[in-house]
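Following: one structure in structure tokens, then a few remarks.
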Amino acid sequence: MDATFRGGQPLSGKIGVPSDKSISHRAAILGALADGISTVGNYSPAADCASTLACLKALGVGTELDGAVLRVRGEGAGGLWRPDGPLDAGNSGTTMRLLSGVVASRQISATITGDDSLRSRPMGRIMEPLSAMGARIEADDEAGHPPLRITGGDLVGIDYEPSIASAQVKSCVLLAGLGAEGRTTVREKVLTRDHTERLLRGTGIEVSRRGLAVSVLPGTPRAFQMEVPGDFSSAAFLMAAAFLVPGSRITLNGVGLNPTRTGFLDVIRAMGAEVEVDCEAGPALEEEHVPSCEPAGVIRAGYSGLAGIEIGGEEVARAIDEITLVALLATQAEGRTVIRGARELRFKESDRIRSTVAGLRALGAVIEEEPDGMVVEGPCGLRGAAVSAAGDHRIAMMLAVAGLAAAGETVVSGWESTAVSYPGFLETVRLLGGDAS
Ligand code: S3P
């Protein structure tokens, strides 16, 4: 399926963004492990989060989605069954990696697979710690590609230092730790998104943090009620469109502002972007019915003159899903932008360094691929062209935003990939005044 964008129409108006995908996955999974019925308001409409629900159902968990309200019937430690067939995580790395930790820590066995993109992504990063905890876990090949065959149970806690910055790896190990004997610790090199820790703590699990080390003790989460905030990563596409199209001014309501997710704000401010953020503090920890303690608020963004920037390290981890947008913004910024320390982008739904460079070059950008990043010379005039989503939702939407800023018409093929995170993106762009069909 193609989507077509014509450049130059300013975006304006107030709008909400879809609910946070990362938090929705975690809320469904913790609800499944809890003892009792949990209610999750504003559950994400993303296909990835539907994959998590389908897998939980196959594991015997009662789930009911009524509009955007999810009810999960958790039956505590012994509540998961051996599924009849393979669990299908679809396109979702978070589903596969987090559920691997859950299955590994229970007395069940399961095979977890996914679509072509997911089956080409590396799982050695979770196989190593889960095996060290005592799980039997086999991949399809030596390189650690799915399907994964997992036989769980009788795990012991470990003290683990992942070699890469990954919230999915951290969360997999912490979730496995809930069913392991003793303490489980993950020592990160840079802090990645901490939604899992927040939810675990909010549901009564003993979680402690010392610097970049986070530990859990085994336990059963208590059932909870919560509301998921809007997805910062989805909001970032709309912000980027507002920065790039002259005359734009938009307001985004109810956006999640967890500081481990908002590195993009720091990067774009350093580039000179016009952005205001009003953050309402997250609910207090003691408010038992709202366990996630995730701050949210309003973001206002408008057309901005931008300057090139150099980024790497911790900034990249806090903006990992927005780096392709930084590359796009850099094409319109004065001077050179250098992005380093972003090799992880090669292991996302596509090789995002390669697909960003290919897509932006087709639109006229001056951009070079580096082993761990990109170098962009700006500013340059973008011209509409036919480009490919490369099977990757974030590449599809980044190129759509480029099309809103480019002269003429941009056709993005493979638009259906956007369903995995932002099914209503096209309608939202139109509501804000963009030319999209
Ligand atoms: C996610 C973590 C990130 C991110 C992904 C969602 C999560 O992946 O890119 O979109 O929900 O934990 P990594 O942790 O593998 O970097």
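The values are calculated or read from the model by the stated rules, or taken from the named source; none is laboratory data. Nothing here was measured: the structure is a model prediction, and the numbers come from that model. For neighbour counting, all protein chains shown are included, and Cβ atoms are generated from backbone atoms with ideal geometry for every residue, glycine included.
Among the residues of segment 191-232, which ones are in a strand (DSSP E or B) and either crowded, with 21+ Cβ neighbours inside 10 Å or of a type in the set (Asp, Glu) (or both)? Those that are in a strand (DSSP E or B) and either crowded, with 21+ Cβ neighbours inside 10 Å or of a type in the set (Asp, Glu) (or both): 207, 214, 216, 226, 227, 230. Exactly one residue among 417, 350 is farther than 24 Å from residue 301 by Cβ, assigned to a loop (DSSP other than H, G, I, E, B) and not assigned by TED's automatic domain parsing to the domain that holds residue 25, and that residue is 350.
Just one of the numbered conditions (1) of a type in the set (A, V, I, L, M); (2) surrounded by fewer than 24 Cβ atoms within 10 Å (Cβ to Cβ); (3) outside any strand (DSSP E or B) is not true of residue 338: (3). Tell me yes or no: at least one residue of segment 82-90 is in the same structural domain as residue 32 (by TED's automatic domain parsing), within 20 Å of the chain's Cα centre (by Cα) and within 15 Å of the ligand (Cβ to nearest atom). Looking for residues that are in the same structural domain as residue 32 (by TED's automatic domain parsing), within 20 Å of the chain's Cα centre (by Cα) and within 15 Å of the ligand (Cβ to nearest atom), one finds at least one in segment 82-90, hence yes.
Within the set 22, 51, the sole residue that is within 15 Å of the ligand (Cβ to nearest atom), assigned to a helix (DSSP H, G or I) and touching a Lys or Arg at 6+ places or on another chain (Cβ under 9 Å) turns out to be 22.
Among the residues of segment 127-147, those identified as within 15 Å of the ligand (Cβ to nearest atom) and within 17 Å of residue 102 (Cβ to Cβ) are 127, 129, 146. Within the set of pairs 6 or more residues apart or between chains, which connect a residue that is within 13 Å of residue 344 (Cα to Cα) inside segment 153-173 to a residue that is within 12 Å of the ligand (Cβ to nearest atom) and of a type in the set (D, E, K, R) with Cβ atoms less than 6 Å apart? Hits for this filter: 167/193; 168/97; 169/125. Could you list all residues from segment 353-387 that are outside any strand (DSSP E or B) and either in contact with an Asp or Glu (Cβ under 7 Å, 6 or more places away or on another chain) or not assigned by TED's automatic domain parsing to the domain that holds residue 330 (or both)? The answer is 353, 354, 355, 357, 379, 384. If you take the residues of segment 148-176 that are away from the ligand (no atom under 16 Å from the Cβ) and out of contact with any helix residue (DSSP H, G or I) (no Cβ under 7 Å at 6 or more places or on another chain), which of them is farthest from residue 59 (Cα to Cα)? Going through the qualifying residues, I end up with 159.
For (1) buried (at least 17 other Cβ atoms within 10 Å of the Cβ); (2) touching a residue at least 60 places away in the same chain (Cβ under 8 Å), each residue gets a yes or a no:
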site	(1), (2)
355	yes, no
366	no, no
369	no, no
376	yes, yes
395	yes, yes
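Somewhere in segment 91-103, is a residue in a strand (DSSP E or B) and within 16 Å of the ligand (Cβ to nearest atom)? Within segment 91-103, none of the residues are in a strand (DSSP E or B) and within 16 Å of the ligand (Cβ to nearest atom). Determine whether residue 118 is buried (at least 20 other Cβ atoms within 10 Å of the Cβ) and under 23 Å from residue 349 (Cα atoms). Here the answer is yes, as residue 118 does meet what is asked.
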